[in-house]
1. Just checking, how many residues over region 338-360 are more than 11 Å from L408 (Cα to Cα) and within 16 Å of ligand 1 (Cβ to nearest atom)?
2. How many of the residues in region 159-171 are farther than 11 Å from R219 by Cα and in contact with a Leu (Cβ under 9 Å, 6 or more places away or on another chain)?
3. Report yes if some residue within region 375-396 is surrounded by 18 or more Cβ atoms within 10 Å (Cβ to Cβ) and within 16 Å of L136 (Cβ to Cβ); otherwise report no.
4. Specify which of the listed residues (V339, V383, V405, V335) is free of Cβ contacts under 8 Å to residues at least 40 places away in the same chain and of a type in the set (V, I, T).
5. For region 366-420, which helices (runs of 4 or more DSSP H) that fit wholly inside it have 1 or more residues that are of a type in the set (G, A, S)?
6. Of these, A318, A361, which one is surrounded by 21 or more Cβ atoms within 10 Å (Cβ to Cβ), in contact (Cβ under 8 Å) with a residue 24 or more places away in the chain, farther than 29 Å from L136 by Cβ and hydrophobic (A, V, I, L, M, F, W, C)?
7. Quickly run through region 160-181 and pick out the residues that are crowded, with 19+ Cβ neighbours inside 10 Å and more than 15 Å from ligand 1 (Cβ to nearest atom).
8. Looking at (1) more than 25 Å from V405 (Cβ to Cβ); (2) within 16 Å of ligand 1 (Cβ to nearest atom), which one does L145 not meet, given that it meets all the others?
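The values are calculated or read from the model by the stated rules, or taken from the named source; none is laboratory data. Since the structure is predicted, the reported quantities are computational estimates derived from the model, not experimental observations. Here the Cβ is made from the backbone with ideal geometry for all residues, glycine too, and neighbour counts use every protein chain on show.
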Amino acid sequence: MKTVLAETSRVPFAKQIEAIVASSSIVDIHTHLYDPAFKDLLLWGIDDLLVYHYLVAEAFRFLDIPYEEFWSLSKTAQADLIWDSLFLRHSPVSEACRGVLTTLHAFGLDVKKRDLPALRQWFGLQTVEQHVNRCLELAGIKKILMTNSPFDDFERPVWERGFERDARFVAALRIDPLLLSWPDTAPKLVRWGYQVELSSSPQKTFDEVCRFLSDWTRRIQARYVMISVPPDFEFPSRNIATQLLEKAVLPHCREHGLPFALMFGVRRAVNPQLKLAGDGVGLSNLSALQNLCAGFPENKFLVTVLARENQHELCVLARKFRNLHIFGCWWFTNVPILVDEITRLRVELLGLSFTPQHSDARVLDQIIYKWQHSRYVIAQVLVEKYSALAQTGWQISRDEIERDVKDLFGGAFEGFCGLK
Ligand code: RAT
Ligand code: ZN
């Protein structure tokens, strides 16, 4: 029997929607987390939470030590400095600071004591296995998509050796260096046994790049292939990235039935002294995306954009191209004010055919706050939208709301990937 949720009084109606959103399980479609078999590559715990690059950038607004001095410190000493400047000397109201507190609170830790040594002690008592289970459970996540780069010297050997997979951690093949720094990448491919050399025999090179992509897709069982691109990315263009896309990457994705994920708008190393924290944002020309969607209807594109000003155009493009699936409020847009605005915009223009959020977590514990904060905002948007429907006399059942939320939290993504 279907229970019809009536809009008799807004509060119970809202409470039911919030409860559904709070308890639906999630597929987190883009993170920088690793299967626990990668050992130290899977970051977790208080010090990693504090030295997160989002917080490093914020701490340097207050710190006056030279950059090199900060980088020469141990992780613990860096975390001490960040704790002192962002949590003790000023109130931790930014989204990334608040996130640390949300996470600690979810673990049942008493944040008001402001006792960093005691927090370290608590984390020191946890085992990775327990901690993975606890974080996934508190975040309500059933599957985590990783970001897996064959070009990463720490990660590559682990895949090459092989290991027993944890089914909760699913791979995505990251290929930025292949398209964005071909002159450095080609010699690496040669070292790894792929006969690439554009000058003499281009077709052979593209075939070899395809072979490289296929080997890695199989090895890691990739669900999609992905890249982040700078604001000045163009397609088509006269550079090698266009040829590699057209002749290797897109054919590879078609052959394996994999979406190609593009993340538009990151300006890398705006301040290189900040290292990972030094990237910025710029407005992208989404004609490149339009050309890709129109020119390659047999390919599927998963896309997020970093600039707030690109969000509307992206939604309009998704209305035109069904081979385009929008996802996430990425990085600098993952702040409540923009998650709210962007989610509303997407619902109003696309209904429920998109994936509102991914965590982008780099530290396991972050999945807790990233999802708790996003669930809250997404629930508010849904309450408003379902309430507006109720005003017309439209009735909605609990099952239907559960179905919709399931789509938003991974179902629509899996459908787009052809996995359901
Ligand atoms: O959000 C982040 O942590 C960024 O540093 C990037 O990793 C970005 O998400 C990316 O995938 O390029
Ligand atoms: Zn990322």
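1. Adding up the residues that qualify gives 5.
2. 3
3. Yes.
4. Sole residue among the options that is free of Cβ contacts under 8 Å to residues at least 40 places away in the same chain and of a type in the set (V, I, T): V339.
5. Qualifying helices (runs of 4 or more DSSP H): 366-391, 412-416.
6. A318
7. Within region 160-181, F169, V170 meet the criteria.
8. Every listed condition holds for L145 apart from (1).
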